[in-house]
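The values are calculated or read from the model by the stated rules, or taken from the named source; none is laboratory data. Remember, it's a predicted structure, so these values are computed and weren't measured experimentally. Reconstructed Cβ throughout: ideal geometry from the backbone, glycine too, with neighbour counts over all protein chains shown.
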Amino acid sequence: MKKNLYIIPFLALLQVGNISYAQEVEKPVVEMAQDELGNVTDAFQEHFFEALKQKAIENHEKAINSLVQSLALKPDEPVVYLELGKNYNALGQYSEAAVYLEKGREAVPKNEGMLEELYTTYFESKKYDRALPVVKDLAKLNPAFSEDLVNLYIQIEKYDAALSLLDSLDRTKGSSTYRESLRRQVYARTNNVEAQISDLQENIDENPKDEKDYLNLIFVYSENDQVEKAFETAKELLAMNPESELVHLALYKFYMTDNEAEKAVNSMKVLLNSTQIDEITKYQALNDFLIYVTENPSLEEDLIQLVQVFSEKENNLKVYKQLGTFFEEKGNNEIAIEYYRTALEHEKDDFGLYRNIINLEAEAGNYEEVKLLTEKGLEIFPTQTWLFLVKGSAHNGLKEFDQAEKVLLTGLDYLIDDPVTEKEFYSQLAVAYRGLDKTQKAEEALKNAEKLEN
């Protein structure tokens, strides 16, 4: 993970009030069980694996009953303590979970799964003081939990410890948007702007080669509407270190505000090529620049080049969807289609992208393309009635009336309680029937459409 969201004061921050959790995917308990169950009775296994089955279908009370029976057959079994903790946590019964998990921790003090579940227990029950030593142990086993440790320091108002650990993590791991959101929370809670500025300025005076303090000072100034001072600090950092990449996270914003387009473009190039800046921050910066280009159309070529840099560096085609929207809104549909198609290579199950491309191709009268796109779309969204409607319309446009009739009738079978779309189906059916010289059916379809309209 990389850094420095805090020097873009306008970015949406991650929610830092929630636990960050280093591992989202629960480790299967069987992994621990196979190594630690040892020689157990058939009865124990029967109760234990019944508990796992009940937990999987969220029958946590039944799971707990089976685990209690397992524990009676094999007391002091760590894996049973862990499973009891998980089930009690799932029920929100944190006191009971803590009792068993603390026993498990005593039995296997360096088991990451046990500590992580105990951390969950204390965090969810807002017992942050008790969570702190657990997370300290976790961080020794897995450095990813260091950020959780910062979060806990904030919760228990140990702000100096939080900032000290943040600085240490920045030095060893580079930047991270989440860590900078934590730093912002510390600043917001301490609410002593002048002291923050004074401390940071003092740090700069003592160690003028350290980028971190300049960047934090830029952030503090920006957050407190002292934009000129923030800009001056950024210039000082650039003068001190002309090779700085992180400073451009602040500079591109200032350059756009002052309408120094060429400098803004150069700053964007530096930050998008940087290995010190995380993908989320780059994406947001690119979005800011796209908004800027809407007011400065002469920069469209620069925007295209910057998007290409981003997609290649981060292996991310998602930004092309935004670029497609940008050109569609400007009425340049051919270019918009190209970018939407590029985005679709990355987001194959994005129905919105299919809709965008199909609408533009249909508007241009490219019915063969519409047919191909709707066929691909129906492979992924087989009951999406809008795709049947557009596919039938494309067949009508190509005078393939037999196929139009079949597609439209199939789509009608999937349609539920949508009179507006149903009217469109009957209107297109009327076109197909007229093409097939089925006059009576065409009239019936039109009558159905008129009824729905009324």
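Considered as a group, the residues in the range 160-193 that are farther than 18 Å from LYS212 by Cα and either part of a helix (DSSP H, G or I) or in contact with a Ser or Thr (Cβ under 7 Å, 6 or more places away or on another chain) (or both) include one that is modelled with the highest pLDDT, and that residue is ARG189. For GLU243, the criteria (1) among the acidic types (Asp, Glu); (2) under 27 Å from LEU165 (Cβ atoms); (3) without any contact (Cβ under 8 Å) to a residue 12 or more places away in the chain hold in every case but one, which is (2).
So in the range 109-137, with the set limited to residues that are in contact (Cβ under 8 Å) with a residue 60 or more places away in the chain and closer than 17 Å to GLU77 by Cβ, which one is surrounded by the fewest Cβ atoms within 10 Å (Cβ to Cβ)? Here the answer is ASN111. Here ILE337, ILE357 are screened, and the one residue that is modelled with pLDDT of 90 or more, farther than 30 Å from LEU271 by Cβ and within 27 Å of the chain's Cα centre (by Cα) is ILE357.
Okay, residues lined up against (1) under 29 Å from VAL186 (Cα atoms); (2) not in a helix (DSSP H, G or I):
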| site | (1), (2) |
| --- | --- |
| LEU82 | no, no |
| ASN87 | no, no |
| ALA97 | no, no |
| TYR100 | no, no |
| GLY104 | no, no |
| LYS110 | no, yes |
| LEU115 | yes, no |
| ARG130 | yes, no |
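Scanning the range 260-280 for residues that are assigned to a helix (DSSP H, G or I), modelled with pLDDT of 85 or more and either of a type in the set (D, E, K, R) or under 16 Å from the mean Cα position of the chain (by Cα) (or both) returns GLU262, LYS263, LYS269.
Flag set for GLU202, criterion: more than 30 Å from the chain's Cα centre (by Cα) and at pLDDT below 90. Might you let me know whether the range 174-188 holds any residue that is out of contact with any Cys (no Cβ under 9 Å at 6 or more places or on another chain), surrounded by 13 or more Cβ atoms within 10 Å (Cβ to Cβ) and free of Cβ contacts under 8 Å to residues at least 40 places away in the same chain? Yes, the range 174-188 contains at least one residue that is out of contact with any Cys (no Cβ under 9 Å at 6 or more places or on another chain), surrounded by 13 or more Cβ atoms within 10 Å (Cβ to Cβ) and free of Cβ contacts under 8 Å to residues at least 40 places away in the same chain.
Residue check: ALA449 meets all listed conditions (1) in contact with a Phe, Trp or Tyr (Cβ under 6 Å, 6 or more places away or on another chain); (2) under 20 Å from LEU398 (Cα atoms); (3) among the small types (Gly, Ala, Ser) but one, namely (2). Restricting attention to the range 291-308 and to residues that are closer than 30 Å to LYS173 by Cβ and buried (at least 16 other Cβ atoms within 10 Å of the Cβ), the residue that is modelled with the lowest pLDDT turns out to be VAL307. Within the range 377-406, residues that are free of Cβ contacts under 8 Å to residues at least 60 places away in the same chain sit with their Cβ atoms under 6 Å from residues that are surrounded by 15 or more Cβ atoms within 10 Å (Cβ to Cβ) and outside any helix (DSSP H, G or I), at 6+ positions apart or across chains, in these pairs: THR385/LEU415. Selection over the range 378-427 of residues that are among the acidic types (Asp, Glu) and at positive phi gives a count of 1. Once the range 138-159 is narrowed to residues that are of a type in the set (S, T, N, Q) and in a helix (DSSP H, G or I), the residue that is surrounded by the fewest Cβ atoms within 10 Å (Cβ to Cβ) is GLN155. Only one entry in LYS282, LYS348, LYS321 is exposed (fewer than 15 other Cβ atoms within 10 Å of the Cβ), touching a helix residue (DSSP H, G or I) at 6+ places or on another chain (Cβ under 8 Å) and charged (D, E, K, R), namely LYS348.
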